[in-house]
Amino acid sequence: MVANVLSIKDLHVSVGDKEILKGVTITVKSGEIHALMGPNGTGKSTLAHTVVGSLRYKVKSGELLINDINLKDLQVYERARAGLFVAFQEPVSVQGLRFINYLRTAYSSLHPDEKLEYKKFIEEVKELLNYFGLDNSFIDRGLNEGLSGGEKKRMEALQMLILKPKFIILDEIDSGLDIDALRVVSKAIAKAKENGAGIIIITHYQRILDYIKPDFVHVLINGRIAESGNGELAKLIEERGYEYYRGGEVDAKVE
Amino acid sequence: MQKWNEIEVEEAKKLNEIKYDFVTNVKPAYQVQKGLSRSVVEEMSKEKKEPDWMRNIRLKALEIFLSKPVPTWGPDLSELNFDDLTYYIKPEDRKANNWDEVPKEIKDTFDKLGVPEMEKKYLAGSVAQLQSEGVYSRLRKQWEDKGVVFMDMDSALQRYPDIVKEHFGRVVPPSDNKFAALNTAVWSGGSFLYIPSGVQLDLPVQAYFRMNGALEGQFERTLIIAEPGASVHYIEGCTAPTYSQYSLHAAIVEVYVKKAAKVRYTSVQNWSDNIINGPTKRSWIEERGRMEWVQGSLGSKITMTYPSSILRGEYASTSNLNVALAVGPVWKDNGAKVIHAAPNTSSKVVAKSISGKGGMSVYRGQLRINPGAYNSKASVQCDALILDDISKSNTYPHNEILEESASFSHEASVGKISEDQVDYLMSRGIREEDARSLIVLGFLDDVLKEIPLEYSIEFNKLVKLEMSKYGAVG
Ligand SMILES: Nc1ncnc2c1ncn2[C@@H]1O[C@H](COP(=O)(O)OP(=O)(O)OP(=O)(O)O)[C@@H](O)[C@H]1O
Ligand SMILES: [Mg+2]
């Protein structure tokens with residue numbers, strides 16, 4: 001398999017007049033799992049939205065690449081076609097847009113060279129719904145319309161598997177999941193990794209990382225990566241909290 | 001980058017051009033000189049070999065028409081010059097019951113429109129009209145044997161004059177509005193559907209109305225009579241080619257829903273943008289009867305249509321589901337009229353509109369619950385989606401709840417497409433314009449899902465085509 005690389009290099013991002021990300025560097029290769037942790041409001045979701053390409057998030061400087069494709073030149077949908085998938089912290093809903101119609105459109109947009117066999121596709125979706133503990137009625141429901149928090153997260157995970165992206169950013173996919181759902185979603189992430197995806201898991205909790213061992217853990221404090229390390233770092237964070245990074249120590253920890 | 005969605009829009013464009021936007025090259029078998037006068041009306045009536053009573057109805061209606069001003073409360077109709085129009089164009093002398101007997105040029109027209117194919121696949125019967133006259137009608141034998149009648153209205157007047165006389169112009173009198181008076185004066189074609197007591201058609205019947213020229217008037221007249229316990233689904237299709245000059249379509253539809261009968265009237269319109277469309281559609285619903293109006297309306301320059309249901313018998317009910325797109329220099333004035341004139345009647349109105357590219361969509365509704373219509377229930381919901389800053393939407397509900405025990409709810413919403421929704425869909429690889437059309441289709445889904453699949457697939461494509469007018473702007 002060809003190894004792909006997602007490079008986020010010294011990324012500075014503002015929303016309105018406010019600089020939120022102040023130089024973030026993360027490099028993800030195919031098959032790697034990175035965990036991104038950090039206190040509320042430090043810019044984790046901002047990073048996800050910026051990589052997606054939402055216009056509200058202005059890249060002031062830095063680079064965003066998949067291999068040698070410059071994502072900054074691409075519109076949101078083109079980035080997805082370059083292999084990017086982001087499961088949002090709060091997936092929006094679209095009234096009346098049937099999930100299956102949406103998913104089919106997304107799939108054929110992302111894989112224009114494949115001839116999509118609709119029947120097979122539906123079967124595959126049903127199987128996955130079942131895998132995530134959701135019944136078949138979800139196929140025809142409006143996109144995220146009236147779904148519970150945990151159901152939305154599972155539907156995002158389902159799309160992550162169906163759409164076969166190269167790079168995946170999961171923004172708090174574990175929040176709001178019950179224990180069983182967390183286990184299934186973790187398995188799904190492991191599957192995506194096996195399929196060769198490079199993955200960033202944004203999370204507040206060690207729990208999900210017990211199921212899927214991250215290769216790298218990054219701590220984002222005030223728009224900067226305060227520390228990067230291996231899987232052990234997540235446990236350390238759990239023990240000592242983010243207080244540890246307050247007051248001057250932040251800069252010292254930057255690589 | 002990948003082109004698949006451009007291909008889809010291209011396909012829809014072609015569909016629209018090849019399937020709808022073409023002119024049939026026929027030399028009319030007969031036509032009156034342009035303009036409207038007593039002699040034109042008399043000439044038409046004579047050409048049609050009508051009984052005197054019908055000619056008299058026409059002449060009286062003409063007087064009413066001339067005495068009524070052009071409505072000014074809605075869209076600008078100043079372009080409409082009644083002297084410029086040709087009121088009666090008969091493309092062909094014969095009326096066929098078999099597509100093989102239809103002259104080639106005309107048959108080709110309906111082949112392109114997919115009418116014979118739809119008939120074979122899906123319909124219990126079919127009427128096809130080009131310009132002013134029905135050119136084809138057919139009903140499957142099994143229904144003929146049960147006494148169902150489905151044919152063009154002129155033929156029905158010849159063959160069933162008594163039934164026509166008894167029902168004609170009662171639900172929609174010529175005095176109702178200027179267009180109704182005009183239609184009554186110069187009506188031609190349309191369809192006549194009679195379902196005897198207790199007969200329930202399991203497949204729909206369809207009438208297809210095709211306009212062909214510029215400055216042409218099409219004034220079909222439809223009469224549907226569902227006897228007690230009968231049920232039917234009637235589908236109306238309307239299209240026309242594009243011209244720089246306008247044409248006028250002003251139909252009248254009268255529906256009698258008798259005791260415990262059920263009629264669904266689905267209208268799928270894809271007008272070219274030179275059409276001024278002002279039909280009057282109304283139904284009388286008796287005890288436990290049910291009338292369902294479903295309308296999907298694309299195109300036209302101006303549309304003014306307010307299908308009405310008069311609930312005359314206890315436990316009568318009606319629904320009115322309407323989707324209208326006003327994208328471009330279009331004024332869609334749509335609505336519903338419901339009168340609860342008996343106890344325990346119920347009604348539901350759902351109107352969805354899209355305005356874009358300077359389009360104007362209006363919901364104009366009237367709902368009345370008469371005193372004594374005990375325990376009647378009514379709900380009105382109108383939702384508007386506005387696609388940009390130059391487009392508009394207005395709502396003029398007129399509700400009169402005169403019965404205390406009745407319950408009534410009215411909900412209205414006006415919204416825009418949220419950029420977060422667009423971003424979300426785009427983040428899954430969907431192009432911006434496709435994302436927007438998916439959101440629009442989702443918004444319309446409540447109503448679109450009531451349109452038979454055979455029609456809604458194409459309707460969806462045409463909605464996407466309208467949305468593609470937006471291009472991929474940032
Ligand atoms: N669209 C926006 N408009 C205004 N402020 C924003 C916007 N997006 C993010 N911010 C601000 O940027 C900062 C970072 O927000 P972000 O959502 O990235 O935090 P987070 O690390 O994901 O937090 P959490 O753990 O609570 O999800 C916050 O102060 C937030 O209010
Ligand atoms: Mg967040």
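The values are calculated or read from the model by the stated rules, or taken from the named source; none is laboratory data. This is a predicted model, so every value here is computed, not measured. All Cβ positions, even for glycine, are placed from backbone atoms using ideal geometry, and neighbour counts span all protein chains on display. Heavy atoms of the whole protein, side chains included, go into the accessibility calculation; ligands, DNA and RNA do not. Shrake-Rupley method; radii C 1.70, N 1.55, O 1.52, S 1.80 Å.
So which residues in the range B:366-377 are open to solvent by 10 Å² or more (accessible area, probe 1.4 Å) and assigned to a strand (DSSP E or B), if there are any at all?
Passing the criteria: B:366, B:368, B:377.
Across the range A:86-100, which residue is farthest from ligand 1 (Cβ to nearest atom) among those that are among the hydrophobic types (A, V, I, L, M, F, W, C) and farther than 28 Å from residue A:43 by Cα?
Only one residue tops the list, namely A:100.
Name every residue in the range B:418-474 that is more than 30 Å from residue A:170 (Cα to Cα) and within 11 Å of another protein chain (Cβ to nearest Cβ), in order of residue number.
Residues satisfying the conditions are B:444, B:445, B:446, B:447, B:448, B:449, B:460, B:464.
Of all residues in the range A:1-39, which are within 16 Å of ligand 2 (Cβ to nearest atom), open to solvent by 10 Å² or more (accessible area, probe 1.4 Å) and touching a residue at least 60 places away in the same chain (Cβ under 8 Å)?
Answer for the range A:1-39, where residues must be within 16 Å of ligand 2 (Cβ to nearest atom), open to solvent by 10 Å² or more (accessible area, probe 1.4 Å) and touching a residue at least 60 places away in the same chain (Cβ under 8 Å): A:20, A:39.
In the range A:58-82, what residues are crowded, with 21+ Cβ neighbours inside 10 Å and either away from chain B (no Cβ under 14 Å) or assigned to a strand (DSSP E or B) (or both)?
Passing the criteria: A:64, A:66.
Of the residues A:103, A:47, only one is open to solvent by less than 20 Å² (accessible area, probe 1.4 Å), within 16 Å of ligand 1 (Cβ to nearest atom) and either assigned to a helix (DSSP H, G or I) or of a type in the set (D, E, K, R) (or both); which?
Being open to solvent by less than 20 Å² (accessible area, probe 1.4 Å), within 16 Å of ligand 1 (Cβ to nearest atom) and either assigned to a helix (DSSP H, G or I) or of a type in the set (D, E, K, R) (or both) holds for just one of A:103, A:47, which is A:47.
Taking the range A:126-153, which residues are within 14 Å of chain B (Cβ to nearest Cβ) and acidic (Asp, Glu)?
A:140, A:145
Mind listing just one residue for me: the one in the range A:183-210 that is touching an Asp or Glu at 6+ places or on another chain (Cβ under 6 Å) and more than 14 Å from ligand 1 (Cβ to nearest atom) and, of those, farthest from the other protein chains (Cβ to nearest Cβ)?
A:206
Checking residue A:200 against (1) free of Cβ contacts under 8 Å to residues at least 12 places away in the same chain; (2) touching a His at 6+ places or on another chain (Cβ under 8 Å): exactly one of these is not met. Which one?
Exception for residue A:200: condition (1).
More than 18 Å from residue B:275 (Cα to Cα), open to solvent by less than 10 Å² (accessible area, probe 1.4 Å) and assigned to a strand (DSSP E or B): does that describe residue B:209?
It is false that residue B:209 is more than 18 Å from residue B:275 (Cα to Cα), open to solvent by less than 10 Å² (accessible area, probe 1.4 Å) and assigned to a strand (DSSP E or B).
Being open to solvent by 10 Å² or more (accessible area, probe 1.4 Å) and part of a strand (DSSP E or B) is the filter; apply it to the range B:305-318 and report the residue that is nearest to residue B:261 (Cα to Cα).
B:317
Tell me, which residue of the range A:147-183 that is of a type in the set (Asp, Glu) and within 16 Å of ligand 2 (Cβ to nearest atom) is nearest to the chain's Cα centre (by Cα)?
Among those residues, the one meeting the criterion is A:171.
When you look at residue B:343, is it open to solvent by 10 Å² or more (accessible area, probe 1.4 Å) and within 23 Å of residue B:259 (Cβ to Cβ), yes or no?
Yes, satisfied.
For residue B:111, only one of the following conditions fails: (1) farther than 25 Å from residue B:216 by Cβ; (2) surrounded by fewer than 22 Cβ atoms within 10 Å (Cβ to Cβ). What is its number?
(1)
Give the residue that is nearest to residue A:41 (Cα to Cα), with candidates limited to residues of the range A:214-229 that are assigned to a strand (DSSP E or B) and either among the charged types (D, E, K, R) or open to solvent by 10 Å² or more (accessible area, probe 1.4 Å) (or both).
That would be A:224.
Within the set of pairs 6+ apart or on separate chains, which have a first residue in the range B:181-206 that is farther than 22 Å from residue B:148 by Cα, a second that is in a strand (DSSP E or B), and C-beta atoms under 6 Å apart?
Hits for this filter: B:183/B:252; B:187/B:221.
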